[in-house]
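Structure first, then comments.
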Amino acid sequence: MNVYTPFDKDLNNLEQSDLQELIDRAICEGWYIEYKSDFPKKGSGFDQDKIAKSVSAFANTKGGWLFYGIQSDSKNAPTNLLGLDLSTFNNLADQISQIIVNNINPKPVFHIKEVALENNCSIVVLKIEESPTPPYITSQGVIYQRQNSESSPIKERYILERMAEKTNEYYESIERFCVNEYTETKGQSESGRTFLELYLFPLPFNDFHFTDFFASDFFAKVAGIFYQNIDFVYQLENGEEMSASLTIPFNSIYSEHNSLIIRPLSEDTIIYKITTAELFRNGGLKFTIPLNEFSLNEIPDVFRHSDTLTYLLDRYNPFELVYDTDFMGRSNGTTSRQRKKSDFANHIKMIDGTHLLLIMSIMVTKYKTVLEQAGFDFTMDIGFRAKLTETWRKFVFFDNVDYLEKIKKFNVPITPKNEIEIPRFIKGNYYRYKLDDPVASFSMAREILRGIGLPDSASINFGELFRDGLLRFKGSD
């Protein structure tokens, strides 16, 4: 949904000469352009209603450009780059953004650029996208649309119905994207193994596209990013830095109709549903992975000396005296100490939470790198969804002192649900993240782990758990 542009360059690269061309070419106000010599005022501040009116009208129609600091004549043609003295404002861009967010619902998609002039003033440029989920209603309860050079209230019912159809189609397209089409063998489906399905996509959905998606160079770049290791650096409590090189062993990539599929194939997994990343032309990523899980009957060597597992064993699978028997089943009068058989040991499984943290950090980093090389604007949000399957009678496990104290106090958070959606997969729900946030992967992982169940999740230090994961990985080298 690219909005009309009077320029031959991106908003972020605009200069005074580009704005002067609006005058030289007599680009008049109309469906996509509006000029204001100054911000509308009300008392000693901004007239927020008028700003919201203009922005919402563009968002409800086909998007457009709003220029503050450009004078126009009676024929709506630009005549002078007056500019505004921005030194009289405090964080102007933030103020305008806040006015739009507070006075238009839902939040429209817009961008702000301050273009410096030779007179030490600046033109403030707002680029408003044709936003995907109309109607955008002002705080006054009015729905505006752009009609030629005016922002007019919508009164016709059929226009509102068309807006509703557009919004429904937008959310339905997200629902269609968030479907797992990877099949399992019969043995896998009966194993009860927990799978994580992760869905990430640039917002607005379907607005971003890789320009060279089917080019050989792009194919090679994606392969390199997914195949290579990622170096993580973490600061220890003593101030020293620790580094670890992590990856998922992807070694296969191929093109489909509208996507690239990347997998870690081996002779042992070639016929099974395995870890799979699928990158789409619209920038969306589907990622599926079986999670590491275990029970008290099958403790991995790395956790053999875990205080948390010792506590669980002593509480739910304690030792008992058992009479020894001969091969005929007769007691020989001696006893031995053995772990008691229990439903906890036989039916409850633990999901390795640290492994999930590391996996999320690896995948989010790889995804960010792919988008970065394609020139993605990281001021834009990424939509996040996740689904977990086969989670019944399982809980998240951390080999961590704080976590041990929590389960002693609150008991183990065994989930009664077999499928978990984060957020619920209905009407295009999603959470928003910015990939340039250094803790974005931790925040996503927290939502996933909280979906399975965590004791007092708000107080869990995920940075510490990530460090523990790196230490564990380093210890296994």
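Read-outs: derived from the displayed coordinates by stated rules, not from any lab. Bear in mind the structure is a predicted one, so any value in this text is a computation, not a measurement. With ideal geometry, Cβ positions are generated from the backbone for all residues, glycine too; neighbour counts draw on all protein chains shown.
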Selection from Y367, P455, L470, by position along the positive dipole direction of segment 331-477 (Cβ):
P455
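Sorted by average packing, counted as other Cβ atoms within 10 angstrom per residue and highest first, what order do 13-19, 43-49 take? Write out the running numbers ahead of the final one.
On the way: 13-19: 14.4, 43-49: 12.4.
Those peptides, ordered most packed to least, come out 13-19, 43-49.
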Rg/Rh ratio calculated on Cα atoms of the chain (Kirkwood radius):
1.09
With r as the distance between the Cβ atoms of E241 and Y316 and R0 = 45 Å, compute the FRET efficiency 1/(1 + (r/R0)^6) and round to 0.05.
0.70
If each residue of separation counts as 0.36 nm, what is the full-extension length gain between D377 and A458 once their alpha-carbon separation is subtracted?
26.1 nm
Exposure proxy ranking, count of Cβ atoms within 10 Å, fewest first, for S151, S342:
S342, S151
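Counting DSSP beta bridges in segment 11-90, what percent are antiparallel, to the nearest 5? Mind showing how you got there, number by number?
Numbers: 5 of 9 bridges.
Looking only at bridges with both residues in segment 11-90, the antiparallel portion is about 55 percent.
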As I understand it, the dipole of the chain uses +1 on the Cβ of Lys and Arg and -1 on the Cβ of Asp and Glu, about the Cα centre. Which of Y433, N411, Y227 lies farthest toward its positive end?
N411
Length gained if D212 through S17 is fully extended, taking 0.36 nm per residue and subtracting the Cα-Cα distance, is 67.2 nm
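Among V142, V125, what is the fewest-to-most ranking by other Cβ atoms within 10 Å? Each step should come with its number before you reach the end.
Details: V142 17, V125 21.
Ascending number of Cβ neighbours within 10 Å: V142, V125.
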For the ranges 275-284, 292-301, what's the packing order if you count other beta-carbon atoms within 10 Å of each residue, average per peptide, and put the highest first?
275-284, 292-301
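Could you calculate the FRET efficiency of N346 with N105 from 1/(1 + (r/R0)^6), where r is the beta carbon distance between them and R0 is 60 Å, rounded to 0.05? Present the calculation step by step, with values, prior to reporting the outcome.
Details: r = 52 Å, r/R0 = 0.87.
Efficiency computed from Cβ-Cβ geometry: 0.70.
Quote the Stokes-Einstein diffusion coefficient, in whole µm² s⁻¹, for segment 370-477, based on the Kirkwood radius over alpha carbon pairs, a temperature of 37 °C and a viscosity of 0.692 mPa s. Before the final figure, lay out the partial values.
On the way: Rh = 15.9 Å.
In µm²/s, the coefficient is 206.
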For labels at F294 and E114 in the simple 7 Å Cα→Cβ model, what's the distance in nm?
5.6
With each pseudo-label sitting 7 Å past Cα toward Cβ, what's the V233-A77 distance in nm, one decimal?
5.8
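If the only charges are +1 at each Lys and Arg Cβ and -1 at each Asp and Glu Cβ, what is the size of the charge dipole of the chain around the Cα centre, to the nearest 20 debye? Walk me through the numbers before you get to the answer.
Working: 52 positive and 66 negative charges, 315 e Å.
Its charge dipole is roughly 1520 debye.
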Determine the equivalent ellipsoid of segment 1-81 by diagonalising the alpha-carbon gyration tensor, then write out the semi-axes as square roots of 5 times the eigenvalues, largest first, rounded to whole Å.
21, 17, 12
Along Cα→Cβ, 7 Å out, is where each label goes; now give me the distance between the ones at F303 and D437 in nm to one decimal.
2.9
